[in-house]
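Q: Here it is: the structure, laid out below.
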Amino acid sequence: MPDVPDAPGPADAGAAAGAAAGGDAVPVVAVASGKGGVGKTTAAVNLTLALSAAGVRTGLVDADLYGPDAAHMMGRLISGTS
């Protein structure tokens, strides 16, 4: 069996995010599926909250036009401009 390196932990991810401020690449985690209704937004919100709780600086972009709204799932209600 080949030798597999350990996956980076939350401390490593935080260090990478800190290094990114100096011009290095920013680590990105994408949650995607070819099928609707499988819990992509729920998984993305939970992953974001877990990484944030571990001290990693996070951001979440919800590009889903239909289905649950990530801002609503996180308790952030955004009023419309109308």
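Q: Examine segment 27-48 for a residue that is modelled with pLDDT under 60 and surrounded by fewer than 10 Cβ atoms within 10 Å (Cβ to Cβ), and state whether such a residue exists.
A: First, pick out the residues of segment 27-48 that are modelled with pLDDT under 60: none.
No, segment 27-48 contains no residue that is modelled with pLDDT under 60 and surrounded by fewer than 10 Cβ atoms within 10 Å (Cβ to Cβ).
Q: Here is a check on your reading of the model: is P68 of a type outside the set (A, V, I, L, M, F, W, C) and at pLDDT below 70? Please lay out each step first, then the result.
A: Values: of a type outside the set (A, V, I, L, M, F, W, C): yes; at pLDDT below 70: no.
Here the answer is no, as P68 does not meet what is asked.
Q: Restricting the search to segment 53-65, which residues are among the charged types (D, E, K, R) and modelled with pLDDT of 80 or more? Explain how you work it out, then say what you get.
A: Just the residues of segment 53-65 that are among the charged types (D, E, K, R), to begin with: 57, 62, 64.
Selection gives R57, D62.
The values are calculated or read from the model by the stated rules, or taken from the named source; none is laboratory data. On a predicted model such as this, the values are computed, not experimentally measured, just so you know. Methodologically, a virtual Cβ is constructed for each residue, glycine included, from the backbone with ideal geometry; neighbour enumeration extends over all protein chains shown.
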